[in-house]
1. Hey, could you check the stretch 83-100 for residues that are surrounded by fewer than 15 Cβ atoms within 10 Å (Cβ to Cβ) and small (Gly, Ala, Ser) and say which is farthest from Pro121 (Cα to Cα)?
2. Pull up the stretch 114-149, narrow it to residues that are in contact (Cβ under 8 Å) with a residue 40 or more places away in the chain and in contact with a Pro (Cβ under 9 Å, 6 or more places away or on another chain), then point me to the one that is surrounded by the most Cβ atoms within 10 Å (Cβ to Cβ).
3. Any idea which of Leu227, Leu253 is at pLDDT below 90, assigned to a strand (DSSP E or B) and either on the phi > 0 side of the Ramachandran plot or surrounded by fewer than 16 Cβ atoms within 10 Å (Cβ to Cβ) (or both)?
4. All but one of (1) of a type outside the set (Lys, Arg); (2) in contact with a strand residue (DSSP E or B) (Cβ under 6 Å, 6 or more places away or on another chain); (3) surrounded by fewer than 16 Cβ atoms within 10 Å (Cβ to Cβ); (4) within 19 Å of Thr134 (Cβ to Cβ) hold for Gly80; which doesn't?
5. Is it the case that some residue within the stretch 39-57 is farther than 30 Å from Val159 by Cβ, in a helix (DSSP H, G or I) and not basic (Lys, Arg)?
6. Name the pairs whose Cβ atoms lie under 7 Å apart, with the first residue in the stretch 234-262 and within 17 Å of Gly181 (Cβ to Cβ) and hydrophobic (A, V, I, L, M, F, W, C), the second assigned to a loop (DSSP other than H, G, I, E, B) and at pLDDT below 85, and 6 or more positions between them or separate chains?
7. What residue, of Asp119, Asp101, is under 20 Å from the mean Cα position of the chain (by Cα) and charged (D, E, K, R)?
8. Can you tell me which residue among Tyr107, Tyr168, Tyr172 is farther than 30 Å from Ile284 by Cα, of a type in the set (Ser, Thr, Tyr), at pLDDT 95 or above and touching a helix residue (DSSP H, G or I) at 6+ places or on another chain (Cβ under 8 Å)?
Amino acid sequence: MSLTERVVSHNFTRSKLAARISSMFPIRDYRVSGRRPWATYILIALNALVFFYTLSIPDSGYVLLDGCAWRDEFGRAPPGFSSALYRRYGRGCFYPVTPRDAFYIQYGLVPAEFLSGKDLPPTVPFPIWLTLFTAMFLHAGWLHIIGNMWYLWIFGDNVEASMGPLRYVIFYLLCGVGAAGLQMAVSGKVTVPMVGASGAISGVMGAYFVLFPWSRILTVVPIWFFLHLVEVPAVVFLGLWFLLQFFSGIVDLQSLGGTAWWAHIGGFLTGALLVFLFRRREVIPGVVRWWERRQYRRYW
């Protein structure tokens, strides 16, 4: 199994309810933004371009990385280390990875490097903290990028319209930072690189939850052996999605497997909070309207 497969794999036992929630898939929302979401288009295009570039990097053959430097510095197995490949191609301290995996190690966010401030080979040509942002544009496979970009396509346009393109891009990047921060706080100095836009997109979903909780989401829901199209409020769809991330993260705390559940949680919470700072002044969040109506009914 390659490094990129290990990054996105997850191997915990789910309950039937969690499996059903995870199988819910949004098709579209019914809220018209009224504006061209140019920033969302650009973010999707950048993610796609970077992904196609990584596909051009060979996934066969190997390059040798210095595993002793990683073990001496962090006391952990180096990223992408495979004992089977090492027995076949390794040479002393040097262990083999594919050129593509070396690219993910170089430009992905490796918590051990970031938290220590030390960039080990393969190094990046800029300060190590900038991998917070380069990692947001890396994806480990077709399903990874298609799923992320689909969610961004559905939820991004209305959130962008509520902020404006420039503030939206800053908001998006800050959500990715918040997502990575919580994941690193939970996982500590691990050497497995974090890649993907899901943390930032989770922030967009958190903002959508706050802004448009009653917007209808057309969702595919598996019932028995059949797939049904059901319209559900965003507060239900996104609320169930968040609960799945939370309980999956709790279950995964011991093994800290391939899926960065806490990045999803951190991104969602960051977005739900930052939306109050980044929204246009005239945009009143749906949860605020709901709370005001609730208070009005209470004192009427």
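The values are calculated or read from the model by the stated rules, or taken from the named source; none is laboratory data. Computed from a prediction, not measured in an experiment: that's the story for all the values here. Counting neighbours? That spans all protein chains shown, and the Cβs are built from the backbone with ideal geometry, glycine included.
1. Ala84
2. Leu138
3. Leu227
4. Failed condition: (3).
5. Yes, some residue in the stretch 39-57 is farther than 30 Å from Val159 by Cβ, in a helix (DSSP H, G or I) and not basic (Lys, Arg).
6. These pairs meet every condition: Trp261/Asp252.
7. From the options Asp119, Asp101, the qualifying one is Asp101.
8. The unique qualifying residue is Tyr107.
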